[in-house]
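The values are calculated or read from the model by the stated rules, or taken from the named source; none is laboratory data. Please read these numbers as outputs of a predicted model, since none were measured by experiment. Glycine gets a Cβ as well: all are built from the backbone with ideal geometry, and neighbour counts include every protein chain shown.
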Amino acid sequence: MTYRAPLADIAFALKHAAALPAAIDEGLLADLTMDDVDAVLAEAGRFAGEVIAPLNRVGDTVGTQFKDGVVTTAPGWKEAYAGWVSGGWNGLAAPAEWGGQGLPQTLNMACLEMWNGAAMAFAVGPLLTIAAIDALFAHGSETLKATYLKKLVSGEWAGTMQLTEPQAGSDVGALRTRAERAADGSYRLKGQKIFITYGEHDLTDNIIHFVLARLPDAPPGTRGISLFLVPKFLLNADGSLGARNDIRAHSVEHKLGIHGSPTCTMILGDQAGAIGYLVGEENAGMACMFTMMNRARLAVGLQGVGIAEGATQQALAYARERRQGRTAAMKSSESAPIVAHPDVRRMLLSMRALTGAARAICYATAMALDRSERGGDAAARKAANARASLLTPIAKAFSTDIGIEVTSLNVQVHGGMGFIEETGAAQLYRDSRIAAIYEGTNGIQAIDLVTRKLPLDGGATVAAHIEELRGIVKAVEASNDPAFGWTAVRLADAVDSLARATAWMLGRRNDADAALAGATPYLRLYGATTGGCLLAQQALAAARLGDDAASRTALARFFAENHAVQAGGLERTIVEGAPGLLGADAALG
Ligand SMILES: Cc1cc2nc3c(=O)[nH]c(=O)nc-3n(C[C@H](O)[C@H](O)[C@H](O)COP(=O)(O)OP(=O)(O)OC[C@H]3O[C@@H](n4cnc5c(N)ncnc54)[C@H](O)[C@@H]3O)c2cc1C
């Protein structure tokens with residue numbers, strides 16, 4: 001399957017949806033220049049297209065082999081991972097003091113889009129190592145950092161995140177893995193974890209597991225969870241690999257997609273207990289997880305964007321080649337490429353527009369994250385942190401939802417061939433499905449948005465964002481450019497719907513179930529409105545700069561007239577349908 005990194009679209013979104021040049025001009029990103037950004041993107045795009053993408057198919061067909069506790073990845077994957085590590089990609093945004101390049105997350109997320117566009121099953125492994133680095137950097141003791149961080153940053157060792165147990169999925173507080181204090185200050189862990197991504201593999205010599213567990217005297221629920229670092233191989237005093245720790249993969253799941261990624265059941269403490277080292281404070285494991293959650297969730301959102309981009313490229317290429325039927329202007333002896341048919345064009349435009357909208361949301365979220373860490377003063381960092389917190393569930397859920405929709409449209413554009421495995425369209429569809437489930441299901445993201453994020457600063461964070469969206473709509477109106485068609489009107493309606501639905505949500509404090517019932521359509525309304533406005537913002541910039549203005553304006557217009565226009569219906573679903581839903585139990589039988 002071919003994947004060509006969409007470098008121009010990525011760079012344009014970084015500049016005009018995420019406002020990366022403004023952060024550079026403000027001096028927030030050290031001595032980074034836009035030329036550096038372009039150079040990094042070009043090299044990442046080359047590696048994604050030439051090295052990773054050709055392995056996507058074999059990852060799907062061969063998958064991972066499990067024998068006697070050993071997991072073997074698909075042919076070529078080990079070599080590709082080694083190349084990826086030696087290219088320095090793992091530590092792109094990691095702290096320079098630990099061997100990383102200290103580049104902004106915004107740029108790292110753009111690269112993550114490309115790795116995932118090339119092969120999602122490959123990219124999900126490093127994504128978890130990056131999350132592990134974040135947790136260790138923010139909460140680990142100096143000794144733990146000195147021992148493990150450099151090799152995690154370089155990618156020489158990989159990381160895992162181990163939360164899920166059979167009875168503890170969305171409800172992390174229900175986990176039962178036990179950790180006992182040992183005399184030497186370490187801990188002994190016993191329990192079982194399920195669905196652990198890259199829990200065992202042959203890509204690295206050591207795997208550093210980050211495991212949530214409960215101390216014997218811990219309070220119940222999420223207040224009694226601690227985070228432990230549990231290496232696959234213990235280390236000798238000189239740092240070399242020592243004895244095998246008491247943690248092992250019991251099996252690898254057979255699953256719908258991402259076959260190249262081993263999803264393992266892990267057994268801890270078959271013998272004396274897996275040796276673990278506390279990260280952060282006892283019983284403060286959830287706080288440690290929250291540190292890395294924004295980034296990890298955003299990274300999963302970029303899986304949606306990456307796979308949607310790959311599917312769009314494939315559908316366009318097929319639609320230009322496959323000939324069926326004819327247009328009204330053709331003779332009966334002629335046949336047209338299916339791209340000529342309006343219904344196929346509708347699908348292709350939807351694919352491109354939804355992908356572009358999700359990309360813009362994700363990059364804007366990444367920039368808020370960067371500003372929350374690098375902003376000029378405390379007030380700016382606090383406001384950026386609130387913005388990142390607000391946008392993260394939208395970036396994760398909207399982007400992974402559209403990932404499924406776009407890969408499904410790709411199957412449809414291919415007709416019967418889309419249903420046949422050899423085109424690869426079916427693989428993208430299957431692979432995309434998991435991103436809406438892991439790292440907090442999209443339902444949980446929507447609940448997070450309405451219960452925790454809307455009330456931030458008494459509603460001021462969301463109000464400020466909606467005002468910003470109104471500003472974009474006004475600029476489209478002011479442009480008086482007929483090429484925008486109904487864009488300004490439709491986006492203005494969408495922003496009004498979002499504002500009213502937000503006020504409704506914030507008014508449901510004593511009616512929590514109604515808010516929960518409307519959470520998923522609310523998140524979609526938020527995503528579609530924000531995505532539409534950010535596409536319009538990019539179109540305005542393109543017109544100003546004379547840079548591909550016709551195509552960017554056409555895309556923004558298509559999104560506003562065909563997708564943002566659904567905002568009114570979503571508003572009704574929320575304020576009328578959600579309360580009604582609560583009384584509709586009889587329909588479930
Ligand atoms: C391929 C794969 C890789 C994974 N990788 C990892 C990993 O590396 N590490 C790890 O720890 N876990 C991993 N997971 C686990 C994943 O994060 C969980 O599957 C996910 O969090 C959902 O939990 P669950 O499967 O128990 O579903 P459940 O929690 O049982 O949810 C089932 C449904 O109920 C809904 N639901 C549940 N609770 C609520 C609620 N309170 N309100 C409203 N709706 C609710 C959910 O949204 C969902 O639709 C992976 C899973 C898979 C399949």
Could you run through the range 408-427 and say how many residues are away from the ligand (no atom under 16 Å from the Cβ) and under 17 Å from residue 122 (Cβ atoms)?
1
Given the conditions (1) within 21 Å of residue 427 (Cβ to Cβ); (2) touching a Cys at 6+ places or on another chain (Cβ under 6 Å); (3) among the hydrophobic types (A, V, I, L, M, F, W, C), every one holds for residue 44 apart from (1)
The one condition residue 116 fails out of (1) within 16 Å of the ligand (Cβ to nearest atom); (2) buried (at least 24 other Cβ atoms within 10 Å of the Cβ); (3) more than 17 Å from the chain's Cα centre (by Cα) is (3)
Give me the pairs: first residue in the range 253-268 and in contact (Cβ under 8 Å) with a residue 40 or more places away in the chain and more than 21 Å from residue 421 (Cα to Cα), second residue of a type in the set (A, V, I, L, M) and near the ligand (Cβ under 8 Å from one of its atoms), beta-carbon distance under 6 Å, and six or more apart or on different chains, which are they?
264/196; 265/194; 266/196
Flag if residue 210 is within 13 Å of the ligand (Cβ to nearest atom) and closer than 21 Å to residue 292 by Cβ:
yes
Whether any residue in the range 260-278 is under 28 Å from the mean Cα position of the chain (by Cα), more than 16 Å from the ligand (Cβ to nearest atom) and part of a strand (DSSP E or B) is what I want to check.
yes
The range 424-444 residues that are over 16 Å from residue 196 (Cα atoms) and at pLDDT 95 or above, paired with ones that are among the aromatic types (Phe, Trp, Tyr) and more than 7 Å from the ligand (Cβ to nearest atom) (beta carbon under 9 Å, 6 or more apart):
425/318; 425/419; 426/419; 442/398
Among the candidates 35, 9, which residue alone is of a type outside the set (Phe, Trp, Tyr) and surrounded by fewer than 14 Cβ atoms within 10 Å (Cβ to Cβ)?
35
Residue 53 - would you say it is among the hydrophobic types (A, V, I, L, M, F, W, C) and over 29 Å from residue 264 (Cα atoms)?
no
Go through (1) under 22 Å from residue 126 (Cα atoms); (2) surrounded by fewer than 20 Cβ atoms within 10 Å (Cβ to Cβ); (3) of a type outside the set (Val, Ile, Thr); (4) away from the ligand (no atom under 15 Å from the Cβ) and name the single condition residue 253 misses.
(4)
Matching residues, the range 550-576, being of a type outside the set (S, T, N, Q) and either without any contact (Cβ under 8 Å) to a residue 60 or more places away in the chain or not in a helix (DSSP H, G or I) (or both):
563, 569, 572, 576
Among the candidates 502, 487, residue that is more than 16 Å from the ligand (Cβ to nearest atom), touching a residue at least 12 places away in the same chain (Cβ under 8 Å) and under 14 Å from residue 449 (Cα atoms):
502
Taking into account only those residues within the range 66-76 that are without any contact (Cβ under 8 Å) to a residue 24 or more places away in the chain and closer than 27 Å to residue 425 by Cβ, which is surrounded by the most Cβ atoms within 10 Å (Cβ to Cβ)?
76
Any residue in the range 125-148 that is over 15 Å from residue 97 (Cβ atoms) and modelled with pLDDT of 95 or more sitting within a Cβ distance under 8 Å of a residue that is charged (D, E, K, R) and not in a helix (DSSP H, G or I)? List the pairs, counting only those 6 or more apart or interchain.
none
Being within 28 Å of residue 135 (Cα to Cα), part of a loop (DSSP other than H, G, I, E, B) and either of a type in the set (Val, Ile, Thr) or in contact with a helix residue (DSSP H, G or I) (Cβ under 7 Å, 6 or more places away or on another chain) (or both): is that true of residue 29 here?
yes
Restrict the check to the range 174-190 and report whether at least one residue is in contact (Cβ under 8 Å) with a residue 24 or more places away in the chain, on the phi < 0 side of the Ramachandran plot, within 22 Å of the chain's Cα centre (by Cα) and within 16 Å of the ligand (Cβ to nearest atom).
no
Flag for residue 236 being farther than 18 Å from residue 163 by Cα, more than 16 Å from the ligand (Cβ to nearest atom) and crowded, with 17+ Cβ neighbours inside 10 Å
no
On the basis of being on the phi > 0 side of the Ramachandran plot and free of Cβ contacts under 8 Å to residues at least 40 places away in the same chain, does residue 458 make the cut?
yes
Would you check which residues across the range 152-210 are in a helix (DSSP H, G or I), of a type in the set (A, V, I, L, M) and surrounded by fewer than 20 Cβ atoms within 10 Å (Cβ to Cβ) and list them?
172, 174
Search the range 211-220 for residues being among the aliphatic types (A, V, I, L, M) and either modelled with pLDDT under 95 or outside any loop (DSSP other than H, G, I, E, B) (or both), and hand back the single one that is nearest to residue 73 (Cα to Cα).
211
Scanning the range 149-170 residue by residue, the ones that are within 16 Å of the ligand (Cβ to nearest atom), among the polar types (S, T, N, Q) and in contact (Cβ under 8 Å) with a residue 12 or more places away in the chain total 4
